[in-house]
Amino acid sequence: MLRLTLVWLCFLDLGGGWSRSRSLPLWNRDPEDPIGRPAEQAERQRFLLDLLLQVHKPLLHQELTAMGSRLNEEPSDYQEGAMRSLREFLDSVHENKVPRPFGIYSQLDKAMPEHLLGVYRFLVLARDWYSFQRNACYARIHFHPILFVNAFQLAVDEREDTKDLRLPAMYEVLPQLYFEEEVILAAQEVSWQQLVPTRAASPKSTWLEVLRGYLSPRRPLDKEEPLNADAVVIDDERKVAHLSFDVQLSSYWNNMINRLTISIEEWKESERDMRLYSRFPQLFFDVIEQFVTALMMEDVATGQISMELIDPPLITTGGVPFTGTSMDTEAVRGVLSQTIDHLQAQINDAVSNVTQPSDIPFIVQHLVASQYLNICRDLSLAINDHGPGRPSMLDLATANLRDPIYRSLLLRLNRLVFSYEVGALPIIDTDLINVMDQQLLQTHRNNLRLLRRRLVARQRRLNHGTFHITVELSAPAEVSVQTDLYLALRNQSRPRLHLDGFVSTLRKGINVFQRHFPSCTRGSRPTMSQLYGTNSPATDGTRSRGLPPHLLVPRGAEEGLKLQLIIELTEPGLENEWSGAILHTESTDVLIFHH
């Protein structure tokens, strides 16, 4: 009996020793402690991931819950002058106007742009890392998960103390918004035991063997049965990869719409001063043109009409399925035509007194961008006859591209904006660990380290092989030019898909440029599980301004998709200014093959 008592005391002492040997969590450090050592960088990375883990459920992490228990209203915890732009948002929090968890989130809610801007500023204007942590924890606990994730992603990209950290792909953080209902429901049926090794305790283990096991952490207490290390795959079973169903493209689109929304709201606050308006509306319509062009080329390659292609149903974080319209095709086309006619009348009024024709494209793009959410809201009200609480695909930017009505709207918007221009006319696995019903993931005993297998959703995506383009330019004298490469259907200058752009100084005579386009790989963004396992998160330091890189080239055809490559030379424009005049344009026929 005496011997057993001593063993138990030793066990307690060892347990306490392990607890004390753990490094102090970063959120308990001095707020001014700089991030200089790799361990601190890793702790900050871990903090971001812990906030996003099972973000659609209540936060169970005790330390993070304590940090986010109180709304931070101390002016000293924010950048100088920030309280002027935050006061209205903080008041709305006290009045419970900011969307809470477990509701239906819609980007078309009239107050949603103000809420997004408010949460974004609440995070990005925090004075230091400690204040940012407190605000991020509060937002994670008290605000709707989609609103929080949208603002959090933008703030992490903008803050100096987080720009070198990595976030997982948003379709891993909230897979429910990107993958089909069948994929999500199947993932939720997977048990935790299917992903971890089965432990079989030996019945012959003595108390001494147990004690030795605790004294030697590398020595397992129990024997592990071998476990198949292959991933548990949930295939969406779609035999053909479609552009508009690509989850990475939907994630990119959601981020772009969020940035556009904040840009518009800040412009409104500046009393619509065009000089303070960012170039984002121009980027917005550049991307729309890329998407519409890729859709048209895909139609040529597949023989399908993408504007009529409807995807299997999605579910929201609340488990409420999206609802379609009861209108027939002709009625929907009529509503779209009325929408564009009304918008064109507004544009004509806005440009009627413009004396400089070169200003018209700028005015048109900014006007349409500022009306974008209103256009989508009015369209949704016109075509959806269901009552409140029944979301449609127009309600979420993550689902927009799957909606043939929305794709038709983009096609019409692209044509409308272009009509006012002046001048020359692979299989990918996604980590689904965030949808599993496993509460221990959110505690300080995070057990992702136990996983031997992964739970993934498998999707077939388009990708291009490695290729290069040689551009030979002849110059009569030394000159600086902007060179842009486009793909378009033959005998059509628009719409066109932007391939590449670069500025160079041409010497007199012949100048040769080799442009290389490598095939895309899965390693462009690590999974959530991989980010948890790394100690020194890497950053590629780049921010793409086009479609995701694996969608650079449209789908080819087995016999070769007939397109034209357009090379356009313009005068280089200064930053934040409209592009320069067109100097020269050439085109050549090309074929794109599909395997």
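The values are calculated or read from the model by the stated rules, or taken from the named source; none is laboratory data. This one's a predicted model, so the numbers in the text were calculated from it and none came from an experiment. Positions of Cβ are backbone-derived with ideal geometry, glycine not excepted, and every protein chain shown enters the neighbour counts. Surface areas here come from the heavy atoms of the whole protein model, side chains and all, with no ligands, DNA or RNA. Shrake-Rupley method; radii C 1.70, N 1.55, O 1.52, S 1.80 Å.
Provide a single number: the residues in segment 86-120 that are within 26 Å of the chain's Cα centre (by Cα) and polar (S, T, N, Q).
Count: 2.
Mind checking which residues of segment 492-512 are farther than 30 Å from I428 by Cβ and either at pLDDT 90 or above or acidic (D, E) (or both)?
Quick first cut of segment 492-512, residues farther than 30 Å from I428 by Cβ only: 492-494, 503-512.
If the condition is that a residue be farther than 30 Å from I428 by Cβ and either at pLDDT 90 or above or acidic (D, E) (or both), then V503, S504, T505, L506, R507, K508, G509, I510, N511, V512 are the ones that fit.
For segment 142-182, enumerate the residues that are at pLDDT below 90, in contact with an Asp or Glu (Cβ under 7 Å, 6 or more places away or on another chain) and outside any loop (DSSP other than H, G, I, E, B).
E180, the sole residue that qualifies.
Working only within segment 238-261, note down all residues that are closer than 26 Å to R279 by Cα and small (G, A, S).
If the condition is that a residue be closer than 26 Å to R279 by Cα and small (G, A, S), then S244, S250, S251 are the ones that fit.
Tally the residues that are touching an Asp or Glu at 6+ places or on another chain (Cβ under 8 Å) and surrounded by fewer than 19 Cβ atoms within 10 Å (Cβ to Cβ), restricting the search to segment 461-479. Working first, answer last.
Here is the first cut: in segment 461-479, the residues touching an Asp or Glu at 6+ places or on another chain (Cβ under 8 Å) are 461-462, 469.
Then keep just the ones that are surrounded by fewer than 19 Cβ atoms within 10 Å (Cβ to Cβ); that gives 469.
Final tally of qualifying residues: 1.
Within segment 278-300, can one find any residue that is under 20 Å from L547 (Cα atoms), open to solvent by 70 Å² or more (accessible area, probe 1.4 Å), at pLDDT below 85 and out of contact with any Leu (no Cβ under 9 Å at 6 or more places or on another chain)?
Yes: segment 278-300 contains one or more residues that are under 20 Å from L547 (Cα atoms), open to solvent by 70 Å² or more (accessible area, probe 1.4 Å), at pLDDT below 85 and out of contact with any Leu (no Cβ under 9 Å at 6 or more places or on another chain).
Can you name the condition, by its number, that M528 falls short on among (1) open to solvent by 70 Å² or more (accessible area, probe 1.4 Å); (2) touching a helix residue (DSSP H, G or I) at 6+ places or on another chain (Cβ under 9 Å); (3) at pLDDT below 85?
(1)
Does any residue of segment 402-416 turn out to be closer than 26 Å to I315 by Cβ, of a type in the set (V, I, T) and in a helix (DSSP H, G or I)? Can you show your working first?
Initial filter on segment 402-416 (closer than 26 Å to I315 by Cβ): 402-410.
Still in the running and of a type in the set (V, I, T): 405.
Keeping just the survivors that are in a helix (DSSP H, G or I) gives 405.
There is at least one residue in segment 402-416 that is closer than 26 Å to I315 by Cβ, of a type in the set (V, I, T) and in a helix (DSSP H, G or I).
Look at S69 and say whether it is outside any loop (DSSP other than H, G, I, E, B), of a type in the set (S, T, Y) and open to solvent by 40 Å² or more (accessible area, probe 1.4 Å).
Details: outside any loop (DSSP other than H, G, I, E, B): no; of a type in the set (S, T, Y): yes; open to solvent by 40 Å² or more (accessible area, probe 1.4 Å): yes.
Criteria not met by S69.
Just name the residue that is nearest to M274 (Cα to Cα) out of those in segment 346-374 that are part of a helix (DSSP H, G or I) and open to solvent by 50 Å² or more (accessible area, probe 1.4 Å).
Per the stated criteria, the residue is F362.
Picking from Q107, Q62, Q54, Q45, which residue would you name as being touching a His at 6+ places or on another chain (Cβ under 8 Å) and closer than 28 Å to V435 by Cα?
Numbers: Q107 fails: touching a His at 6+ places or on another chain (Cβ under 8 Å); Q54 fails: touching a His at 6+ places or on another chain (Cβ under 8 Å); Q45 fails: touching a His at 6+ places or on another chain (Cβ under 8 Å).
Exactly one of Q107, Q62, Q54, Q45 is touching a His at 6+ places or on another chain (Cβ under 8 Å) and closer than 28 Å to V435 by Cα, namely Q62.
Restricting the search to segment 380-394, which residues are outside any loop (DSSP other than H, G, I, E, B) and closer than 19 Å to L309 by Cα?
Looking only at segment 380-394, we keep the residues that are outside any loop (DSSP other than H, G, I, E, B), and these are 380-383, 393-394.
Residues satisfying the conditions are S380, I383, M393, L394.
Restrict the check to segment 369-389 and report whether at least one residue is at pLDDT below 90, under 22 Å from V149 (Cβ atoms) and within 23 Å of the chain's Cα centre (by Cα).
no
In a strand (DSSP E or B), modelled with pLDDT under 90, open to solvent by 40 Å² or more (accessible area, probe 1.4 Å) and more than 22 Å from R460 (Cβ to Cβ) - does that describe any residue in segment 560-570?
no
Checking T505 against (1) of a type outside the set (D, E, K, R); (2) out of contact with any Lys or Arg (no Cβ under 6 Å at 6 or more places or on another chain); (3) open to solvent by less than 30 Å² (accessible area, probe 1.4 Å); (4) part of a strand (DSSP E or B), which test does it fail?
Against the list (1) of a type outside the set (D, E, K, R); (2) out of contact with any Lys or Arg (no Cβ under 6 Å at 6 or more places or on another chain); (3) open to solvent by less than 30 Å² (accessible area, probe 1.4 Å); (4) part of a strand (DSSP E or B), T505 comes up short only on (3).
Q514 fails exactly one of the following numbered conditions: (1) open to solvent by 40 Å² or more (accessible area, probe 1.4 Å); (2) under 30 Å from D236 (Cα atoms). What is the number of that condition?
Going through (1) open to solvent by 40 Å² or more (accessible area, probe 1.4 Å); (2) under 30 Å from D236 (Cα atoms) one by one, Q514 breaks only (2).
Quick check on segment 440-457: of everything there that is open to solvent by 70 Å² or more (accessible area, probe 1.4 Å) and out of contact with any Leu (no Cβ under 6 Å at 6 or more places or on another chain), which residue is modelled with the highest pLDDT?
If we filter segment 440-457 for residues that are open to solvent by 70 Å² or more (accessible area, probe 1.4 Å), which is where we start, we get 444-445, 449-450, 452, 454.
This time we only want the ones that are out of contact with any Leu (no Cβ under 6 Å at 6 or more places or on another chain), so: 444-445, 449-450, 454.
Numbers: H444: 56, R445: 58, R449: 64, L450: 67, R454: 78.
Filtering segment 440-457 for residues that are open to solvent by 70 Å² or more (accessible area, probe 1.4 Å) and out of contact with any Leu (no Cβ under 6 Å at 6 or more places or on another chain), the one modelled with the highest pLDDT comes out as R454.
E88 fails exactly one of the following numbered conditions: (1) at pLDDT 85 or above; (2) assigned to a helix (DSSP H, G or I); (3) surrounded by 13 or more Cβ atoms within 10 Å (Cβ to Cβ). What is the number of that condition?
Only one criterion is unmet by E88, namely (3).
Of everything in segment 117-144 that's touching a Pro at 6+ places or on another chain (Cβ under 8 Å) and open to solvent by less than 10 Å² (accessible area, probe 1.4 Å), which residue is farthest from P99 (Cα to Cα)?
The qualifying residue farthest from P99 (Cα to Cα) is S131.
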